[in-house]
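The values are calculated or read from the model by the stated rules, or taken from the named source; none is laboratory data. Computed from a prediction, not measured in an experiment: that's the story for all the values here. Neighbour counts are summed over all protein chains in view; Cβ atoms, including those assigned to glycine, are modelled from backbone coordinates with ideal geometry.
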Protein chains: 2
Amino acid sequence: MKPTIKDVAIHANVSISTVSRIINNQPGYSEATKEKVEKVIKEMGFHPNGLARGLIHKKTHTIGVLLPNIISSFSSKLLNGIEESAHENHFSTIVCNTGPLGNRTLEYLKVLGEKKVDGIILTSSPLKEEYYKEIKALDIPLILLSSMSYRYSVPYVKVDDKQAAYHATRYLIQNGHTKIAMISGSQDDELAGMPRYEGFIKALGDHGLSVNENIIVYGDFGFQSGRTSMEQLLPFRDEFTAIFVASDDMAMGAISVASEHSLKVPDDFSVIGYDNTHIAEMAIPPLTTVAQPLREMGQVAIAKLIEMINNQETIASAIMAHEIIERKTVKKIKST
Amino acid sequence: MKPTIKDVAIHANVSISTVSRIINNQPGYSEATKEKVEKVIKEMGFHPNGLARGLIHKKTHTIGVLLPNIISSFSSKLLNGIEESAHENHFSTIVCNTGPLGNRTLEYLKVLGEKKVDGIILTSSPLKEEYYKEIKALDIPLILLSSMSYRYSVPYVKVDDKQAAYHATRYLIQNGHTKIAMISGSQDDELAGMPRYEGFIKALGDHGLSVNENIIVYGDFGFQSGRTSMEQLLPFRDEFTAIFVASDDMAMGAISVASEHSLKVPDDFSVIGYDNTHIAEMAIPPLTTVAQPLREMGQVAIAKLIEMINNQETIASAIMAHEIIERKTVKKIKST
DNA sequence: TAACGTTACGAAAGCGTTTTCTTAAAAGGT
DNA sequence: ACCTTTTAAGAAAACGCTTTCGTAACGTTA
């Protein structure tokens, strides 16, 4: 059995209180006793029990992170920023894979509540009423990452998707493309689906280009759906010279079916992705994409969350800057 | 303030003990009181405090997972299996990104110890003496995942790297290749570096092929190092027709520099990777590789860990089956 | 030397549970 | 109708800490 503070106290011939004061270095003991006690602590290999501490302080120094999947390069990068930053601030992170539709979210919220996490980060998924209520009841600080809520005033950190999509599209236009297809996210995804679609449409309009519904298709941000989307686009092959794809994974899917049909990117058509996950650099050719500062977003989320934990009040949201990363999948063409 | 069991007891006009018995459904109360108490629990939105419970039971239903990085597709897939399986068994997972060299391992072990996790999974990194001692002192069940220890008898789950490498190489040979290069992991990595190298060498020998040191280069399993490794191989371009690469990420790096030099895979040379992470399927062309059953390995690790947690004794290790996944980067050629 | 601060420390309450004892009441047996 | 067993419930200790309160012992100061 691991030694407790009591064991230390006995062996060092002092009271429990004194040991406690020493390990938390609070005043109230002589240099002599301090040394004596510390010696005993070393010898016995004593480590304070975090549960007992947490029980008293009502703080666990642990946060919960809810992700709709762990395996996407998108989530990994986010998680990476979160975990790193949390650790630097002496917090541990419990990861919760809620599943693609967030099915398990409620289950996870229950356990996070029982485990008394100090804060929760909900990533990449809408804040449903039931989630909000549960978290409200739990009374745990919450921040949305790569997500936001119109209904509830919960702080969030994300990029401006509509604007980023606008810029991506404009970038294509500036490179001489006038016939532009889009592989969008789901139409009823109001977080990442619609805004990117709207940004795309707006950019087209602002530059006097008309919308061709034939060449707008919808996926679910995943690689496979990028493949099927591209297959839907293939029949309209001559109606576009570039595609704006709403995620890097889908872009990869699109490029891979193109390649199976002997279509080369960017020679046969250009592609710009979205996210700048690490597969964008690994792609052949490297994928031009709009970067979300994923790691940084994770860090900011943690910083804000900790601020909420410390000073009970709610906090301002953050819109992070996006950026077009020029690589090799967009070709400059003469305007028609 | 969240209600405690005491509040519930008062409002329901029963003792704390009765409430406790009811929420843990142990016998000792009438149907009437049960309903009364459950009603109060609902109304007050009471949830038992996990810390207090943990303090008594000396169980937190939490495990710690140490990973050398979170962002690689390799780790993600492992973590995915772990988290999923842990959740199914009512365990939460704390992730710890120890950094590429495992620098932060000791720090993390300390906090895992204080947080009283029920078990620890150490992935993809050697069990150094200091780690072992710390964990031993903490007296927490440990399992190695995609790792093992010659020195300490700690259960592990991994694939047989030497054999898998042997098979990968043999696969190349069976496809008619006789001049085979290797992009290996680090030479002083005795976990994944050496065994794969040895398997490669042995396969060559067993099939009467000689070893050409010119075309064996060393990376660190990452994408970038795959790139630089390939650059080292380029001058010896005509001394090989195929490359066995010790990780998919490095394979991607290799293929991408090849492509920059207008060398096509598999037409100009074949490539077989290692891991079967999801980038292998996303690659163009899709990467032939030797699969480690990563998710399954995570699951098995959890199963074993839980077994160790429940019945104090140590447990047998598991060697998981690997498999060659044939995709498009290996060309069958006539033997010379 | 009396009055007063300090300093160094211990005793005990409390954090929110579970669990072991008790005990009073109800039920069962003859 | 009386004794025994079962059932329903409460009191209190325990888990491992922190923290408040109290108090001896030791200077200081006037």
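Under the condition of being away from DNA strand D (no atom under 13 Å from the Cβ), within 14 Å of another protein chain (Cβ to nearest Cβ) and surrounded by 12 or more Cβ atoms within 10 Å (Cβ to Cβ), the residues counted in the range A:7-45 number 1. Can you say whether residue B:327 is among the charged types (D, E, K, R), in contact with a strand residue (DSSP E or B) (Cβ under 8 Å, 6 or more places away or on another chain) and touching a residue at least 12 places away in the same chain (Cβ under 8 Å), as far as the supplied structure shows? For residue B:327, the condition - among the charged types (D, E, K, R), in contact with a strand residue (DSSP E or B) (Cβ under 8 Å, 6 or more places away or on another chain) and touching a residue at least 12 places away in the same chain (Cβ under 8 Å) - is met.
Per-residue answers, yes or no, for (1) more than 25 Å from residue B:328 (Cα to Cα); (2) away from chain B (no Cβ under 12 Å):
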| residue | (1), (2) |
| --- | --- |
| A:190 | yes, yes |
| A:220 | yes, yes |
| A:231 | no, yes |
| A:236 | yes, yes |
| A:252 | no, no |
| A:255 | no, no |
| A:269 | no, yes |
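Being surrounded by fewer than 22 Cβ atoms within 10 Å (Cβ to Cβ) and either in contact with a helix residue (DSSP H, G or I) (Cβ under 8 Å, 6 or more places away or on another chain) or among the acidic types (Asp, Glu) (or both) is the filter here; which residues of the range A:192-203 pass it?
Of all residues in the range A:192-203, those surrounded by fewer than 22 Cβ atoms within 10 Å (Cβ to Cβ) come to A:193-194, A:198, A:201-202.
Matches in the range A:192-203: A:198, A:202.
All but one of (1) surrounded by fewer than 23 Cβ atoms within 10 Å (Cβ to Cβ); (2) more than 9 Å from every other protein chain (Cβ to nearest Cβ); (3) in contact (Cβ under 8 Å) with a residue 40 or more places away in the chain hold for residue B:66, so report the exception by its number. All conditions are met except number (1). Being within 16 Å of DNA strand D (Cβ to nearest atom), surrounded by fewer than 19 Cβ atoms within 10 Å (Cβ to Cβ) and acidic (Asp, Glu) is the requirement here; does residue B:118 meet it? In short, no.
Just checking, which of B:157, B:117 is of a type outside the set (Phe, Trp, Tyr), more than 28 Å from residue A:81 (Cβ to Cβ), modelled with pLDDT of 95 or more and within 19 Å of the chain's Cα centre (by Cα)? Don't jump to the end; show me each part of the working.
Details: B:117 fails: more than 28 Å from residue A:81 (Cβ to Cβ).
None of the other options fit; the residue is B:157.
The residues on offer are B:169, B:93, and the sole one that is within 14 Å of chain A (Cβ to nearest Cβ), touching a helix residue (DSSP H, G or I) at 6+ places or on another chain (Cβ under 8 Å) and hydroxyl-bearing (Ser, Thr, Tyr) is B:93. Might you check whether a residue that is within 9 Å of DNA strand D (Cβ to nearest atom) and more than 13 Å from chain A (Cβ to nearest Cβ) occurs anywhere in the range B:51-58? No. Listed by first and then second residue, the pairs linking a residue in the range A:95-121 that is more than 14 Å from residue A:131 (Cα to Cα) and in contact (Cβ under 8 Å) with a residue 40 or more places away in the chain to a residue that is aromatic (Phe, Trp, Tyr) and buried (at least 21 other Cβ atoms within 10 Å of the Cβ), with Cβ atoms under 8 Å apart and 6 or more places separating them unless they lie on different chains, are A:118/A:91. Checked against the criterion of being of a type in the set (A, V, I, L, M, F, W, C), farther than 22 Å from residue B:184 by Cβ and away from chain A (no Cβ under 14 Å), the candidates B:315, B:243 yield just one match: B:315.
Yes or no, residue by residue, for (1) more than 21 Å from residue A:285 (Cα to Cα); (2) in contact with a strand residue (DSSP E or B) (Cβ under 9 Å, 6 or more places away or on another chain):
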position: B:197; (1), (2): yes, yes
position: B:201; (1), (2): yes, yes
position: B:229; (1), (2): no, yes
position: B:245; (1), (2): no, yes
position: B:257; (1), (2): no, no
position: B:260; (1), (2): no, no
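Of the listed requirements (1) among the aliphatic types (A, V, I, L, M); (2) in a helix (DSSP H, G or I); (3) within 13 Å of another protein chain (Cβ to nearest Cβ); (4) exposed (fewer than 15 other Cβ atoms within 10 Å of the Cβ), residue B:1 misses just one: (2).
Yes/no per residue for (1) under 20 Å from residue B:321 (Cα atoms); (2) surrounded by 16 or more Cβ atoms within 10 Å (Cβ to Cβ):
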residue: B:96; (1), (2): no, yes
residue: B:102; (1), (2): no, yes
residue: B:110; (1), (2): no, no
residue: B:133; (1), (2): no, no
residue: B:149; (1), (2): yes, yes
residue: B:165; (1), (2): yes, yes
residue: B:171; (1), (2): yes, yes
residue: B:174; (1), (2): no, no
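Taking first residues from the range B:146-163 that are touching a residue at least 60 places away in the same chain (Cβ under 8 Å) and partners that are of a type in the set (Lys, Arg), the Cβ contacts under 9 Å between residues at least 6 apart in sequence or on separate chains come to B:146/B:158; B:148/B:158; B:155/B:304; B:157/B:304. Quick one: would you say residue A:85 is more than 14 Å from chain B (Cβ to nearest Cβ) and of a type in the set (Gly, Ala, Ser)? No.
If you go through the range A:257-279 and keep only what is surrounded by fewer than 24 Cβ atoms within 10 Å (Cβ to Cβ), under 23 Å from residue B:223 (Cβ atoms) and more than 17 Å from the chain's Cα centre (by Cα), you end up with A:258, A:259, A:264, A:266. Screening residue B:85 on (1) within 16 Å of DNA strand C (Cβ to nearest atom); (2) in contact (Cβ under 8 Å) with a residue 12 or more places away in the chain shows it passes everything except condition (1).
Number of residues in the range B:274-305 that are within 13 Å of chain A (Cβ to nearest Cβ) and in a strand (DSSP E or B): the value is 0. Hey, does the range B:23-34 have a residue that's within 12 Å of DNA strand C (Cβ to nearest atom) and either closer than 22 Å to residue A:138 by Cα or modelled with pLDDT of 90 or more (or both)? Within the range B:23-34, one or more residues are within 12 Å of DNA strand C (Cβ to nearest atom) and either closer than 22 Å to residue A:138 by Cα or modelled with pLDDT of 90 or more (or both).
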